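So the structure is just underneath, and the comments pick up after that.
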Amino acid sequence: MKKNLQIGKQIALALILLVTATVVNAQTRTATTDGPWNSTTTWGGASVPTSVNDVVINNGIDVTVPADAACNSITFGSAAGSISVNSGFTLAVTGAITLQNAATGNRAATLTGAGTLTCASIVVGGTTLAPNLTGDGLTTLTCTVAVVSVSGNISLRGVDDGADDNDPSFILNSGSLTVSGTVVLNEDAGSAVTFNLNGGGAATG
């Protein structure tokens, strides 16, 4: 009886440790200063993101990728920010790259570099919806990465609440873009949605 109780305690302890490790590994990593992806300083002293971590790029922060890297998702939630993937390296994003729109004002983010970027989806706008807008704004994601591969969809969602609107844009200025899913342009009432390949980039899908 005592032996069975002891085994039960050991199993319970193992489960607790497993759950704790999962929670720790799934923590968000926030870029708080300009710098390379593989430096803990860039992430405010936290460990470098891996494929289980959600990444947030703070306002005005520029992150470079000087070696192969991975994360679960990337969110640009502020007025500006960029990620640059160096030549010969790949940034692999398991889930979505998202540029959130603001309740008012403009937001912009840039994906750049001579390397490769892969992700499941790209989402621009549609995170702050009516009736929560308080002014007009533009949400613009510009891409110049040499090679971009999206296994799912690119989704752009405009928002309009009658008085204010937010207009999302995806602009491919250079590089190659492959989309295995669908490009979804969702215009809400008076909003304007732009998917621009006129910058010289190539797209297939």
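The values are calculated or read from the model by the stated rules, or taken from the named source; none is laboratory data. It should be emphasised that the depicted structure is a prediction, and the values quoted were computed from it without experimental measurement. Each accessible area value is taken on the protein alone, full model and side chains, heavy atoms only, with ligands, DNA and RNA left out. Shrake-Rupley method; radii C 1.70, N 1.55, O 1.52, S 1.80 Å.
So the values come out like this:
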| quantity | calculated |
| --- | --- |
| Whole-Hz ³J(HN,Hα) from phi, Karplus 6.51 cos²θ - 1.76 cosθ + 1.60, for the stretch 51-61, glycine and proline x | 5, 9, 9, 8, 10, 10, 9, 5, 4, x, 8 |
| Computed Rg/Rh of the stretch 31-72, alpha carbon atoms with Kirkwood Rh | 0.91 |
| The stretch 69-191 - percent of accessible surface contributed by carbon and sulfur, probe 1.4 Å | 49 percent |
| Accessible-area value, Phe89, 1.4 Å probe, nucleic acids and ligands omitted, Å² | 70 Å² |
| In order through the stretch 118-134: 3J(HN,Hα) via Karplus (6.51 cos²θ - 1.76 cosθ + 1.60), integer Hz, x for Gly, Pro | 10, 7, 7, 6, 10, 10, 10, x, x, 8, 10, 10, 5, x, 8, 5, 10 |
| Amide proton proximity set for Leu138, modelled H, under 5 Å, gap of 5+ | Asn106, Arg107, Asp167 |
| Average accessible surface area per residue within the stretch 60-205, 1.4 Å rolling probe, Å² | 38 Å² |
| Gain upon complete extension [Ala114, Val147; 0.36 nm per residue less C-alpha separation] | 11.1 nm |
